[in-house]
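Novice: One structure follows; several queries about it will come next.
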Amino acid sequence: MKDERAAEISRILALLHKWGVHTLGDLAALERDQLGTRLGPEATRLWDQATGQSTRLLRLVRPPELFAELLEFEYEIETTEPLLFVLRRFLEQLSRRLGTLYLVARELTLQLTFADKSEYQHQFQIPDPTHSVEILFRLLQTHLENFRAEHPIVAVGLTAQPAKPARQQFDLFATPLRDPSRLHETLTRLTGLLGAEHVGTPVLEDSHRPDAFHLEPFVWQLPDAPNESAPRLGPVLRRFRRPAPKRESAQPIARQGPYRSSGDWWDRESWTRSEWDLQFADGAVCRVQEQNDGWKIEGCYD
């Protein structure tokens, strides 16, 4: 629609230039009715605009709301107490502005400027968006407890990304997380104590090597439950995480195997295994692994 109107205006302007009409004054000097008869209603609208007789409603555009606070210290800051005092005041102001617009904070960005003109910036993903001062302050305080800087702080800034409050309805038998912010705070402290490589959600790797997994950042999101459970292909093997009970005097009455598996032959961490299923006189059926120095019980079947 807009392209057709633009093409029509271009055609009218080209004809007006052929007639010697090059300015708005030349266009206004023409007769309105005769111009409309020859060139159509679009030319009439152009004549109304040239003579100031047309009205157009203003399209109001609301500027984006910026939720940010910034402060430059008169003296250099070397401890966290005055910094936390300023951050709490920032949060109180941001929370008041967010609450007035019925919004919550889904992300916080902390920016520190040091005496050597270097800057530090960190983003906080809030698991349960909120404008609660206490919850947001605990988030910042937990992070600053493990923060170390080589130079004093001369300026601090805090920015909040707004969002509408989320309403999530769980299933009848689903249990919601009581306090997602407290869980995030606990994970942050564990990350500061143990390191990011030791905190997360274990995810099985696409490998036949037993217990092959890696850690991924924790995300509170319930997986989609399948409508039908996958049928079991055999008995369940319960692996022993602790040293398995010794069966030195027990003699197997039946065995099956070996089951050989290997992988990562192209890597330095290549592996190979030989496993057997043994049945003992007391009825226990166990999975054992053949090693150079003997046998190791991996687990027992239910």
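Novice: I need a count of the residues in region 33-71 that are farther than 27 Å from T100 by Cα and either among the polar types (S, T, N, Q) or at pLDDT 85 or above (or both).
Specialist: Summing the residues that are farther than 27 Å from T100 by Cα and either among the polar types (S, T, N, Q) or at pLDDT 85 or above (or both) in region 33-71 gives 22.
Novice: If E269 satisfies all but one of (1) closer than 30 Å to H198 by Cβ; (2) modelled with pLDDT under 65; (3) loosely packed, with under 11 Cβ neighbours inside 10 Å, what's the number of the condition it fails?
Specialist: (2)
Novice: Please go through region 277-302 and give me each residue that is among the charged types (D, E, K, R), within 46 Å of the chain's Cα centre (by Cα) and loosely packed, with under 13 Cβ neighbours inside 10 Å, ordered by number.
Specialist: Result: D302, single match.
Novice: Pull out all pairs, ordered by first then second residue, where Cβ-Cβ is under 7 Å, the residues are six or more apart or on different chains, the first lies in region 20-43 and is closer than 16 Å to I9 by Cβ, and the second is acidic (D, E) and surrounded by 14 or more Cβ atoms within 10 Å (Cβ to Cβ).
Specialist: E42/E8
Novice: Can you report the number of residues in region 67-91 which are farther than 16 Å from A155 by Cβ and in contact (Cβ under 8 Å) with a residue 40 or more places away in the chain?
Specialist: Number satisfying all stated conditions: 3.
Novice: Would you confirm, using the coordinates I've provided, whether L30 is under 51 Å from the mean Cα position of the chain (by Cα) and not assigned by TED's automatic domain parsing to the domain that holds R106? Let's see the steps before the verdict.
Specialist: Working: under 51 Å from the mean Cα position of the chain (by Cα): no; not assigned by TED's automatic domain parsing to the domain that holds R106: yes.
In short, no.
Novice: Among the residues of region 57-116, count how many are part of a helix (DSSP H, G or I), surrounded by fewer than 17 Cβ atoms within 10 Å (Cβ to Cβ) and polar (S, T, N, Q).
Specialist: Matching residues across region 57-116 total 3.
Novice: For region 117-135, give me each residue that is under 18 Å from the mean Cα position of the chain (by Cα), surrounded by 15 or more Cβ atoms within 10 Å (Cβ to Cβ) and without any contact (Cβ under 8 Å) to a residue 60 or more places away in the chain. Steps first, answer last, please.
Specialist: Let us first name the residues in region 117-135 that are under 18 Å from the mean Cα position of the chain (by Cα), namely 121-130.
If we keep only those that are surrounded by 15 or more Cβ atoms within 10 Å (Cβ to Cβ) too, we end up with 124, 126-130.
Once the filter is applied, which keeps residues that are under 18 Å from the mean Cα position of the chain (by Cα), surrounded by 15 or more Cβ atoms within 10 Å (Cβ to Cβ) and without any contact (Cβ under 8 Å) to a residue 60 or more places away in the chain, region 117-135 yields F124, I126, D128, P129, T130.
Novice: Do we find that V21 is in contact with a Leu (Cβ under 7 Å, 6 or more places away or on another chain) and assigned to a loop (DSSP other than H, G, I, E, B) in this structure?
Specialist: Numbers: in contact with a Leu (Cβ under 7 Å, 6 or more places away or on another chain): yes; assigned to a loop (DSSP other than H, G, I, E, B): yes.
So V21 passes the test.
The values are calculated or read from the model by the stated rules, or taken from the named source; none is laboratory data. Not measured: the values here are computed from a predicted model. So basically every Cβ, Gly included, is an ideal-geometry build from the backbone, and we count neighbours across all protein chains shown.
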